[in-house]
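Rule-based calculations on the coordinates, nothing more; no lab input. In this text the structure is predicted, and so the values were computed from the model without any measurement. Quick reminder, even Gly has a Cβ in these numbers, built from the backbone with ideal geometry, and neighbours come from all protein chains shown.
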Amino acid sequence: MTEEAHSPPASHVALVVDDVEEVRDITAAVLRSAGLEVLTAGSAQEALKVSAALPGPLHLLVADVGLPGMTGAELARRLTQLRPELRVLLFSGEPREQLVRAGTIDPGTRFLTKPFLFQDLLAKAREALAEQG
């Protein structure tokens, strides 16, 4: 498949949250290469501030589950209460099944296991954004 087949729609805004700068930067770069406007944050608290300062819509949250102080799933719950249009993609080095069993994420959560392939990230982002209609 071509890269375009995996590209999310343009003119969408994503927020990438990871406390590891390299992961955050690479994830943001991949999403930008697909035409998204990407904001970044190094913590859940910073992500809440970024979201609050954003006057327009926020379409996609891409966050690590293992953030210090507040999990990515907790961050997602808080942001989706404030922004119901927000779609969520979480990732972790731990397997989905383990996180679901522990109650860390809900069974229906859109999820990627790290390390993930760029095309998988783009496919999940496109899938999430397509739900918005």
Quiz item: Is there any pair linking a residue in segment 82-95 that is among the basic types (Lys, Arg) to one that is surrounded by 11 or more Cβ atoms within 10 Å (Cβ to Cβ), with Cβ under 6 Å and at least six apart or on different chains, and which?
Solution: Arg83/Leu58; Arg87/Leu60; Arg87/Ala128
Quiz item: Counting only residues that are surrounded by fewer than 15 Cβ atoms within 10 Å (Cβ to Cβ) and touching a His at 6+ places or on another chain (Cβ under 9 Å), how many does segment 84-107 have?
Solution: 1
